[in-house]
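Undergrad: Once you've had a glance at the structure underneath, I'll fire off some questions.
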Amino acid sequence: MAGYWRRPELTAQRFRRVHGLFPQLHTGDHGHVDDDGYVHFAGRRDDVYKEKGTRVSATEVEAAAYRVDGVAAAGVLPPADGRDGATLFVVAALTPADVLRRLREQLEEMKVPARCVVLPDLPLTGNGKVDRRALARLAGEHDG
């Protein structure tokens, strides 16, 4: 396919020209190819990722966390290489187990993150958004 029907702006965004000639679709999906040639889907550059075979929106999980009494801030780190399952980071006056238990009251089981980490503050970017790169570093610290 060479682009989207009557959507030149979306075509330009998603179909980048290789060597200035051939359109190449960029979906936002990311993953890796292993040594045997198998493609492993890790997630998307937007807020959607796969958890237990189900598409999950990090925004949906974060919104559910904000509805938990005692949670002041929340950020989801989608699964990545070397880490199975998403990690929910919260600023809360609850234990991680309590946060996950209360999330199960709102979300389908496959959407509940694999782990929860309680922090005194969430790292933020200069724009005031959750700094997911900093969360990835913190996830590495909490995995070991």
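Undergrad: Can you report the number of residues in segment 107-144 which are assigned to a loop (DSSP other than H, G, I, E, B), surrounded by 14 or more Cβ atoms within 10 Å (Cβ to Cβ) and in contact (Cβ under 8 Å) with a residue 12 or more places away in the chain?
TA: 7
Undergrad: How about segment 2-23: which of its residues are of a type in the set (A, V, I, L, M) and touching a residue at least 12 places away in the same chain (Cβ under 8 Å)?
TA: Correct list: ALA2 only.
To keep it simple, each residue is scored yes or no on (1) modelled with pLDDT of 90 or more; (2) not in a loop (DSSP other than H, G, I, E, B).
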position: PRO23; (1), (2): no, yes
position: ALA42; (1), (2): no, yes
position: VAL61; (1), (2): yes, yes
position: ALA72; (1), (2): yes, yes
position: GLY75; (1), (2): yes, yes
position: GLY85; (1), (2): no, no
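Undergrad: Go through segment 86-104 residue by residue and tally those that are within 19 Å of THR59 (Cβ to Cβ) and surrounded by fewer than 15 Cβ atoms within 10 Å (Cβ to Cβ).
TA: Residues meeting the conditions: 1.
Undergrad: Kindly list the number of the only condition in (1) charged (D, E, K, R); (2) out of contact with any Gly (no Cβ under 8 Å at 6 or more places or on another chain); (3) under 21 Å from TYR49 (Cα atoms) that fails for ASP121.
TA: (3)
Undergrad: While we're here: Based on what the data block shows, is ALA65 modelled with pLDDT of 80 or more, under 21 Å from PRO123 (Cβ atoms), hydrophobic (A, V, I, L, M, F, W, C) and surrounded by 12 or more Cβ atoms within 10 Å (Cβ to Cβ)?
TA: Yes, satisfied.
Undergrad: Sticking with this structure for a sec: Tally the residues that are in a strand (DSSP E or B), in contact with a strand residue (DSSP E or B) (Cβ under 8 Å, 6 or more places away or on another chain) and of a type outside the set (A, V, I, L, M), restricting the search to segment 46-59.
TA: Qualifying residue count, segment 46-59: 4.
The values are calculated or read from the model by the stated rules, or taken from the named source; none is laboratory data. Just so you know, these numbers come straight off a predicted model, no measurement behind them. Every residue, glycine as well, gets a Cβ built from its backbone with ideal geometry; the counts of neighbours run over all protein chains shown.
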